[in-house]
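Trainee: Before I ask anything, here is the structure I am working with.
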Amino acid sequence: MARIVMKFGGTSMAGTERIRRVANIVRRQQHAADGTRHEIVVVVSAMAGETDRLVNFCREANPLYDPAEYDVVVASGEQVTSGLLALTLQAMGCPARSWLGWQLPIRTIEAHSRARVEAIEADALLRALDAGEIAVIPGFQGMSDQGRVTTLGRGGSDTSAVAVAAAIHADRCDIYTDVDGVYTTDPRIVARARKLKAVTYEEMLELASVGAKVLQTRSVGLAMKEGVRVQVLSSFIDDNATPADDLPGTLIISEGEMNQMVENGHMERQLVTGIAHDKNEAKIILTRVPDRPGSVANIFQPLSAASINVDMIIQNVGRDKGETDVTFTVPQTDLLRAQALLEDRRDVIGYNRIITDSHIAKISVVGVGMKSHAGVAATMFRALADRGINIQAITTSEIKVSVMIDEDETELAVRVLHSAYGLDEEETA
Ligand code: ADP
Ligand code: ASP
Ligand code: MG
């Protein structure tokens, strides 16, 4: 007998017909091949598009909305789908019940709209599993110490699933979505993207953090910390599909496990594992900032105090009169706030002009192979130059190179790089 957490995303839960298919997958997973019964916890997202709809209601009601009330509204989408899935399972003769975030409870810090799970009280859940009941948990939501509803940030149901898997020591956390695994890049952009049998936690963490939204970044960090075995796979399958226990999707595993797969010939080691893009950042340029100690601190301190994440930063070489331009990126959703904060402090910082641009994209190549091989960045710059794509900024980490380009060139850049690193799937005749 195994204990398995199954998470279903928004498109998998979009409407009663799709929920019936999900219930069918859950019911089949409960019955192991050897006749025993697996223990099953299901974590669900709201129906596709529902959370966006709820966010818009909040904006219409009050543009400066209180994050605590925002959480009350946006958490409701998952309450609906968890109840509907429990009802559908019951209709199929499977004992099932929903457990809302506050009922378990899933305890989080108080940071509304971007809370972090602190602890999950799993006793009631374990008793239900022991009694053969399927537990259905709405993803994305938790409860603060003040007893108020919290949410975990967009895409947070992945994190709910991994946190529950860690709390009940599940054998596996299967993330069911609308693609059948993690690909070398978004398969909706590059038709010849290749499905990966496995990705290391470290690589998946980088890929998610630079825009591969197939998993929420925080869920990968948590899985890595807690050693949760994660599989990404499709819910759009028929009754003849390979069972999840035979691992048809993509496994997220440790580097040690990956090395073993490579040694056993189950995986080929690539220099670059994947390519991701992110169109959600905006660029800010401050011109003619005094080139002296403390200037950069004066710019970034207020942004940090306002919890605005700064990503790429370039400080140009100082020019005449001891002045320099400073360029950096912030999330597009924080651009107006960042601009207002910087304008307020114009005298303290001492810049000349503030220039902003939301029409940019970040393209990143990721791979642990980079740790030991030179030339990945050079290949990237050459391939982009050959297609006339201009690079506006560059950042690197041990296993990643990112460039900022014009947003209109995003799809072209991803395709060009996918080919340049030899990632395209062989064409079948
Ligand atoms: P869910 O609603 O199930 O959580 P998401 O929309 O959050 O699904 O994530 C799945 C989507 O992630 C896919 O439809 C795909 O377009 C996108 N995606 C981006 N990068 C990748 C990648 N490297 N591999 C697979 N899917 C990717
Ligand atoms: N429904 C939430 C969202 O759309 C959480 C999730 O689906 O993971 O962000
Ligand atoms: Mg998602």
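Trainee: Within region 23-65, track down each residue that is free of Cβ contacts under 8 Å to residues at least 40 places away in the same chain and more than 16 Å from ligand 2 (Cβ to nearest atom).
Mentor: If we filter region 23-65 for residues that are free of Cβ contacts under 8 Å to residues at least 40 places away in the same chain, which is where we start, we get 31, 34-36, 38, 47-49, 52-65.
His31, Asp34, Gly35, Thr36, His38, Glu60, Ala61, Asn62, Pro63, Leu64, Tyr65 - these are the residues of region 23-65 that are free of Cβ contacts under 8 Å to residues at least 40 places away in the same chain and more than 16 Å from ligand 2 (Cβ to nearest atom).
Trainee: Within region 385-403, track down each residue that is under 16 Å from Val272 (Cα atoms) and either surrounded by fewer than 17 Cβ atoms within 10 Å (Cβ to Cβ) or among the hydrophobic types (A, V, I, L, M, F, W, C) (or both).
Mentor: Passing the criteria: Thr396, Ser397, Glu398, Ile399, Val401, Val403.
Trainee: Restricting attention to region 405-429, which residues are hydroxyl-bearing (Ser, Thr, Tyr) and not in a helix (DSSP H, G or I)?
Mentor: Of region 405-429, the ones hydroxyl-bearing (Ser, Thr, Tyr) are 410, 419, 421, 428.
Within region 405-429, Tyr421, Thr428 meet the criteria.
Trainee: Still on this model: Could you tell me whether any residue of region 94-114 is of a type in the set (Phe, Trp, Tyr) and within 16 Å of ligand 1 (Cβ to nearest atom)? So that I can check it myself, show each step before the final result.
Mentor: Let us first name the residues in region 94-114 that are of a type in the set (Phe, Trp, Tyr), namely 99, 102.
Now drop any that are not within 16 Å of ligand 1 (Cβ to nearest atom), which leaves none.
There is no residue in region 94-114 that is of a type in the set (Phe, Trp, Tyr) and within 16 Å of ligand 1 (Cβ to nearest atom).
Trainee: Can you name the residue in region 174-201 that is crowded, with 19+ Cβ neighbours inside 10 Å and among the charged types (D, E, K, R) and is also nearest to ligand 1 (Cβ to nearest atom) among such residues? Give the steps one after another, and end with the answer.
Mentor: Residues of region 174-201 crowded, with 19+ Cβ neighbours inside 10 Å: 174-177, 179-186, 190, 193, 196, 198-201.
Filter again for among the charged types (D, E, K, R), leaving 174, 180, 186.
Values: Asp174: 12, Asp180: 9, Asp186: 4 Å.
Only one residue tops the list, namely Asp186.
Trainee: Residues in region 221-272 that are modelled with pLDDT under 95, within 16 Å of ligand 1 (Cβ to nearest atom) and in contact with a Lys or Arg (Cβ under 7 Å, 6 or more places away or on another chain): how many?
Mentor: So the count comes out to 0.
Trainee: Could you identify the single residue in Ile25, Ile40 that is part of a strand (DSSP E or B) and closer than 18 Å to Tyr176 by Cα? Walk me through it before giving the result.
Mentor: Details: Ile25 fails: part of a strand (DSSP E or B).
That would be Ile40, the only listed residue that is part of a strand (DSSP E or B) and closer than 18 Å to Tyr176 by Cα.
Trainee: Also, quick follow-up: Just one of (1) assigned to a loop (DSSP other than H, G, I, E, B); (2) over 18 Å from His266 (Cα atoms); (3) more than 9 Å from ligand 1 (Cβ to nearest atom); (4) touching a residue at least 40 places away in the same chain (Cβ under 8 Å) trips up Lys213, so point out which.
Mentor: (3)
Trainee: Going residue by residue through region 26-40, is there one that turns out to be more than 16 Å from ligand 3 (Cβ to nearest atom) and within 23 Å of the chain's Cα centre (by Cα)? Before the answer, list the steps.
Mentor: First, pick out the residues of region 26-40 that are more than 16 Å from ligand 3 (Cβ to nearest atom): 26-40.
Keeping just the survivors that are within 23 Å of the chain's Cα centre (by Cα) gives none.
Checked against the condition, which is being more than 16 Å from ligand 3 (Cβ to nearest atom) and within 23 Å of the chain's Cα centre (by Cα), region 26-40 yields no hits at all.
Trainee: Please work out which residue is farthest from ligand 3 (Cβ to nearest atom), limiting yourself to region 174-201 and to residues that are out of contact with any Ser or Thr (no Cβ under 9 Å at 6 or more places or on another chain) and not hydroxyl-bearing (Ser, Thr, Tyr). Can you show your working first?
Mentor: As a first pass, look at region 174-201 and keep what is out of contact with any Ser or Thr (no Cβ under 9 Å at 6 or more places or on another chain): 174, 185-188, 191.
Filter again for not hydroxyl-bearing (Ser, Thr, Tyr), leaving 174, 186-188, 191.
On the way: Asp174: 14, Asp186: 13, Pro187: 15, Arg188: 14, Ala191: 21 Å.
Taking the candidates together, the pick is Ala191.
Trainee: Leu54 fails exactly one of the following numbered conditions: (1) away from ligand 1 (no atom under 16 Å from the Cβ); (2) under 24 Å from the mean Cα position of the chain (by Cα); (3) assigned to a helix (DSSP H, G or I). What is the number of that condition?
Mentor: With respect to (1) away from ligand 1 (no atom under 16 Å from the Cβ); (2) under 24 Å from the mean Cα position of the chain (by Cα); (3) assigned to a helix (DSSP H, G or I), Leu54 is out only on (1).
Trainee: Identify, please: which residue in region 115-154 is of a type outside the set (A, V, I, L, M, F, W, C), within 16 Å of ligand 1 (Cβ to nearest atom) and buried (at least 24 other Cβ atoms within 10 Å of the Cβ) and is, among those, farthest from Gln29 (Cα to Cα)? First the steps, then the outcome.
Mentor: Residues of region 115-154 of a type outside the set (A, V, I, L, M, F, W, C): 116, 118, 121, 123, 127, 130, 132-133, 138-139, 141-142, 144-148, 150-151, 153-154.
Filter again for within 16 Å of ligand 1 (Cβ to nearest atom), leaving 138-139, 141, 151, 153-154.
Right, trim to buried (at least 24 other Cβ atoms within 10 Å of the Cβ) and you get 138-139, 141, 151.
On the way: Pro138: 19, Gly139: 20, Gln141: 25, Thr151: 28 Å.
My answer is Thr151.
The values are calculated or read from the model by the stated rules, or taken from the named source; none is laboratory data. Here the structure is a predicted model, which is why all the values come from computation and not from measurement. As a convention, Cβ positions derive from the backbone with ideal geometry for all residues, glycine included, and neighbour counts pool all protein chains shown.
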